[in-house]
Each structure stands twice: as C-alpha cells, then as structure tokens.
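S.K.: Quick one: the structure is below, and I'll ask about it shortly.
The values are calculated or read from the model by the stated rules, or taken from the named source; none is laboratory data. Every value quoted in this text rests on a predicted model; they were computed, and no experiment measured them. Cβ placement follows ideal geometry from the backbone for every residue including glycine, while neighbour counts extend to all protein chains displayed.
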Amino acid sequence: MNDELTYYIKDEEIDLLIKTILTKYGYDFSGYSHASFKRRLISIIFKLKISYFAELQYLIETNEIFFFTFLEEITVNVTEMFRDPDFFKVLRLEILPELATFPNIRIWHAGCSTGEEVYSMAILLKEAGLLHRSLLYATDINPTVLKSAASGIFPLNSMKEYTQNYINSGLLYDFSGYYVVKYGKAYFDDELKQRMVFANHNLVSDQSFNEFNLILCRNVLIYFNNDFQNKALNLFYESLTQFGFLALGNKESIHYSDIEEKLQIVNKYQRIWRKKI
C-alpha cells in the first residue's frame, strides 16, 4: 500500500462514512474540512493496517470498540502545558486583571484534548489569587481524552518541558509544587481539579450551555470548513458575557465571519478579541 490510496478515497465515500458515524454514534464530522479529514483517514488506514476503505467503513459500522479507537485517532490531540508561553504572558498581564473585576469567573476551553491547557489556566489563576472564584469548563468531542484530562495525571517525562514553558510564561513559583510523583507519573493537585468541569461537546452540532468571561479554542477551527468555522464562532459569540474575551490559535481568525464587527481586537499577535456589546 502507498500514498496512491489517497486517490481512491472519493468525497462521496467520506460523506457516507460521516453519515454512518453520525447515525450510529452521534458524532458529527460534517463540518470538518474534507482535505483535513481525508489526510487523517489516510494516516489511520496506514497505522491500523487496513487494506481498503470499504473495510474501514465496515469496521466502523459493526464494531463499537474499533470506532472509539478510530475516534481517538481522527481527533487531533496535540497539546502541552503553557504551550506558546507568550500567549500565557498576555493572559497573565492583560486578560487576568480584567477578569479579576468580575465577582465570578467562568472560562471555557473548547476542544480541550487531554487537558494540559486547562491545568495551565488553573495554575495561572491560582497564582493571580483568582482560582477560588473561577470555574473552568473543558469540553471535547472525544470521551477518551476527556477522561484522561479529568484524571489530572500526565507523563513524568513531559514535566521538564512543561517546567520550562512555565518559566518562559513569566511565572515565578515552583512548578513541581503543583504535582506529586507516583508510579512514574505526575499527579496534579486536587485543588486545581476541583475548579474544573469536563463534558462532551461537539462544536459543530451542540448549542451554547453557559455564559463565559473567557473562551479559548486554540487550533481547533483550522480543521473545520468555512461554514462550520463561522457556526462555531457564532456559538462562541453567543456564549460570551458582555466584554468577554475570545482566544483562538495563531493560524485562526474571525475575519470574514458573522462576528467580525461584533468583537474588537485586544492582542493581534496572540489572537485575542473582546465582545463589544
């Protein structure tokens, strides 16, 4: 098998697969970019040693255990603690002082993956003296990564990199004080986890479920087609409190969306906007 397989996956086959997944399991991938989705499918076919696309279709239709293996592969779960330290510097210096003016702070991490960003935010809030009056809602389409995120257990071999990211973010305390080492893994403090709510949520098909002072959805929308990017952005707008903040990934934008005129730029380099009304 080689890369020529790409040419045998037709758009109508992808559409049928997406329809099957939605009908049988309730996960809606119709808003994903076909090009991005196809690349992920090719990667899965090679990784799982599947001979034909029809075999993939059959396995998803008939084998629920296989489907959840497929789901873990098709959703992109690339994250780390204090990823892009300059972004967290801006949160600390420019955004948290504004959030501190609210009596209660609600933050939504949309597409949270395995949760590293959520724990980073909790640490940021704790060091700013705001964690006790904050709630962090973390959602993802993938139940496996949500379970992992909720556990607060991360690979110990990642802590050196995360510690450096923490330092580069301008934070001054001892990062190792936020976790204990057991069984070769890092177990993060229950005080952080107590301020988190993890839930399944599909940005393509689900509705707003609360109002938030800050929404972070970084490097998720790049996998959506234009229509569904716009739909997700409208969902975020509806979910923001007055003067709430929206943070996207460094390759994402609100340009040419329905909400472009409804938000004002706060930091163009770190892709942070604020709701006008």
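S.K.: Check N219 against each of (1) touching a helix residue (DSSP H, G or I) at 6+ places or on another chain (Cβ under 7 Å); (2) outside any helix (DSSP H, G or I); (3) at pLDDT below 95 and name the one condition it does not meet.
M.R.: The number of the failed condition is (1).
S.K.: Next up: Any idea which residue in segment 15-49 is nearest to the chain's Cα centre (by Cα), counting only those that are surrounded by fewer than 18 Cβ atoms within 10 Å (Cβ to Cβ) and among the β-branched types (V, I, T)?
M.R.: Out of the qualifying residues, it is I44.
S.K.: Scan segment 11-23 and report the pairs whose first residue is modelled with pLDDT of 90 or more and whose second residue is among the basic types (K, R) and surrounded by 15 or more Cβ atoms within 10 Å (Cβ to Cβ), with Cβ atoms within less than 9 Å and a gap of 6+ or a chain change.
M.R.: Close Cβ pairs satisfying both conditions: I14/K38.
S.K.: Taking the options V204, V180, V145, name whichever one is farther than 16 Å from M121 by Cα and without any contact (Cβ under 8 Å) to a residue 24 or more places away in the chain.
M.R.: None of the other options fit; the residue is V180.
S.K.: Another question, then. Does D227 satisfy being touching a Gly at 6+ places or on another chain (Cβ under 9 Å) and exposed (fewer than 14 other Cβ atoms within 10 Å of the Cβ)?
M.R.: Yes: the conditions hold for D227.
S.K.: Suppose we keep only residues that are among the charged types (D, E, K, R) and without any contact (Cβ under 8 Å) to a residue 60 or more places away in the chain within segment 102-132. Which one would you say is surrounded by the fewest Cβ atoms within 10 Å (Cβ to Cβ)?
M.R.: Out of the qualifying residues, it is E127.
S.K.: Let me ask something else about it. Anything in segment 259-275 that is assigned to a loop (DSSP other than H, G, I, E, B) and either within 18 Å of V204 (Cα to Cα) or in contact (Cβ under 8 Å) with a residue 24 or more places away in the chain (or both)? List them, or say none.
M.R.: Once the filter is applied, which keeps residues that are assigned to a loop (DSSP other than H, G, I, E, B) and either within 18 Å of V204 (Cα to Cα) or in contact (Cβ under 8 Å) with a residue 24 or more places away in the chain (or both), segment 259-275 yields I259, Y269, Q270, R271.
Residue-wise test of (1) β-branched (V, I, T); (2) at pLDDT below 95; (3) outside any helix (DSSP H, G or I).
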residue: K160; (1), (2), (3): no, no, no
residue: I167; (1), (2), (3): yes, no, no
residue: Y173; (1), (2), (3): no, yes, yes
residue: Y187; (1), (2), (3): no, no, yes
residue: E191; (1), (2), (3): no, no, no
residue: L203; (1), (2), (3): no, yes, yes
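S.K.: Pairs please, first residue from segment 240-258 and assigned by TED's automatic domain parsing to the domain that holds F212 and in a strand (DSSP E or B), second anywhere and surrounded by fewer than 16 Cβ atoms within 10 Å (Cβ to Cβ) and among the aliphatic types (A, V, I, L, M), Cβ atoms under 8 Å, 6+ apart in sequence or on different chains.
M.R.: Q242/I277
S.K.: Would you be able to say whether some residue in segment 140-149 is in the same structural domain as L93 (by TED's automatic domain parsing), among the basic types (K, R), surrounded by fewer than 15 Cβ atoms within 10 Å (Cβ to Cβ) and under 22 Å from the mean Cα position of the chain (by Cα)?
M.R.: yes
S.K.: OK, next. For segment 223-239, what are the residues that are of a type in the set (F, W, Y) and without any contact (Cβ under 8 Å) to a residue 40 or more places away in the chain?
M.R.: Within segment 223-239, Y237 is the sole residue that qualifies.
Yes or no, residue by residue, for (1) under 25 Å from F29 (Cβ atoms); (2) touching a helix residue (DSSP H, G or I) at 6+ places or on another chain (Cβ under 7 Å):
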residue: N142; (1), (2): yes, yes
residue: K147; (1), (2): yes, no
residue: R195; (1), (2): no, yes
residue: V204; (1), (2): yes, yes
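S.K.: May I pose another question? Can you name the residue in segment 198-213 that is of a type outside the set (S, T, N, Q) and within 14 Å of the chain's Cα centre (by Cα) and, of all such residues, is surrounded by the fewest Cβ atoms within 10 Å (Cβ to Cβ)?
M.R.: Looking at the filtered set, the residue picked out is A199.
S.K.: Kindly indicate which of L192, L135, L156 is over 30 Å from Y32 (Cβ atoms), in contact (Cβ under 8 Å) with a residue 12 or more places away in the chain, touching a Lys or Arg at 6+ places or on another chain (Cβ under 6 Å) and aliphatic (A, V, I, L, M).
M.R.: L156
S.K.: Still on this structure, please answer the following. I'm trying to understand the selection: among the residues of segment 50-101, which are part of a loop (DSSP other than H, G, I, E, B), at pLDDT 95 or above and either surrounded by fewer than 17 Cβ atoms within 10 Å (Cβ to Cβ) or more than 23 Å from the chain's Cα centre (by Cα) (or both)?
M.R.: A100, T101
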